[in-house]
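Heads up, the thing below is written out as structure tokens.
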Amino acid sequence: MKKDSVEGKAKDIAGRVERQVGEWTNDPKKQVDGTAKQVEGKVQHACGKVKDAAQKSIDDAKSTAKPPQRVPDDSETEEPATTRKERR
């Protein structure tokens, strides 16, 4: 997990704890602050996951990408043996 995901998860957990403490102490300000921190953490965690997925897709595309292969057309294929004999 990348930095954003880890920091987001930590904020989410800290927000949950703060909100719960606010509920236990009947402190509405702590509840609101905790909920706000929790939401901020969830958003940051989600952004980190999206960044990780995008980076993984880019890395996968780079590792599996092959240069285009040249396909010879009909004029470049070998001539039949009878035609070669006729030229001699």
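The values are calculated or read from the model by the stated rules, or taken from the named source; none is laboratory data. If you're wondering where the values come from, they're calculated on a predicted model, not measured in any experiment. We place every Cβ from the backbone using ideal geometry, glycine too, and count neighbours over all the protein chains shown.
Restricting THR35, THR83 to residues that are of a type in the set (Ser, Thr, Tyr), out of contact with any His (no Cβ under 8 Å at 6 or more places or on another chain) and at pLDDT 90 or above narrows the list to THR35. Just to be sure, is ASP60 of a type outside the set (Ser, Thr, Tyr) and modelled with pLDDT under 90? Yes: the conditions hold for ASP60. Residues of region 1-47 that are assigned to a helix (DSSP H, G or I) and free of Cβ contacts under 8 Å to residues at least 12 places away in the same chain: GLU23, TRP24, THR25, PRO28, LYS29, VAL32.
Can you tell me which residues in region 12-26 are surrounded by 15 or more Cβ atoms within 10 Å (Cβ to Cβ) and charged (D, E, K, R)? Listed by number, the residues that qualify are ASP12, ARG16, GLU18, ARG19. Listed by first and then second residue, the pairs with beta-carbon distance under 6 Å, at least 6 apart or on different chains, first residue in region 48-70 and under 19 Å from SER5 (Cα atoms), second in a helix (DSSP H, G or I) and of a type in the set (Gly, Ala, Ser), are GLY48/SER5; GLY48/GLY8; LYS49/SER5. What do you reckon, is ALA53 exposed (fewer than 13 other Cβ atoms within 10 Å of the Cβ), at pLDDT 80 or above, of a type in the set (A, V, I, L, M, F, W, C) and part of a helix (DSSP H, G or I)? Answer is yes for this residue.
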